[in-house]
1. Quick check for you: with a 1.4 Å probe and neighbouring chains kept, what is the accessible area per residue of region 26-67, in Å²?
2. What does the charge dipole of the chain about its Cα centre add up to, to the nearest 20 debye, if the Cβ of each Lys and Arg holds +1 and the Cβ of each Asp and Glu holds -1?
3. Report, ordered by chain and residue number, the aspartates and glutamates lying within cross-link reach of K30, taken as a straight Cα distance under 15 Å and ignoring same-chain residues fewer than 8 apart.
4. Find which of P10, I63, T22 sits farthest along the positive direction of the dipole of the chain, computed with +1 on the beta-carbon of Lys and Arg, -1 on that of Asp and Glu, about the Cα centre.
5. What does the accessible area of M2 come to, in Å² to the nearest 10, when a probe of 1.4 Å is used?
6. Quick one: with all protein chains in place, what share of the accessible area of the chain is carbon or sulfur, to the nearest percent (1.4 Å probe)?
Amino acid sequence: LMKLSKLTKPELEEIFRNANFTEEEEKVFKMLSCGKTITETAQKINVCDRTVNRISKKVYEKINRLEVKNG
């Protein structure tokens with residue numbers, strides 16, 4: 001998995017504009033792109049680690065579809 005925190009702001013903005021994230025996915029995307037851990041993210045948005053893992057999986061799937069489309 002790519003680390004979102006290693007991407008540039010323009011790269012993150014491009015993903016954010018085009019991925020059509022749900023509200024939860026948006027929160028997880030933003031936290032992970034700031035370098036927060038799964039546990040930190042879970043605590044911040046009041047869910048368990050497993051839920052953040054499930055949401056982040058959806059986030060990465062959408063990012064991968066964008067890369068395939070634009071690749």
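1. Per-residue value: 63 Å².
2. 140 debye
3. Those aspartates and glutamates meeting the cut-off are E11, E13, E14, E40.
4. Working it through, the farthest residue towards the positive pole turns out to be I63.
5. About 60 Å², ignoring ligands and nucleic acids.
6. Using a 1.4 Å probe with all protein chains present, the chain comes out at 49 percent carbon and sulfur.
The values are calculated or read from the model by the stated rules, or taken from the named source; none is laboratory data. For clarity, every value in this text was computed on a predicted model and none was experimentally measured. All Cβ positions, even for glycine, are placed from backbone atoms using ideal geometry, and neighbour counts span all protein chains on display. The protein model used for the area step is the full one, side chains on, heavy atoms only, and it has no ligands, DNA or RNA in it. Shrake-Rupley method; radii C 1.70, N 1.55, O 1.52, S 1.80 Å.
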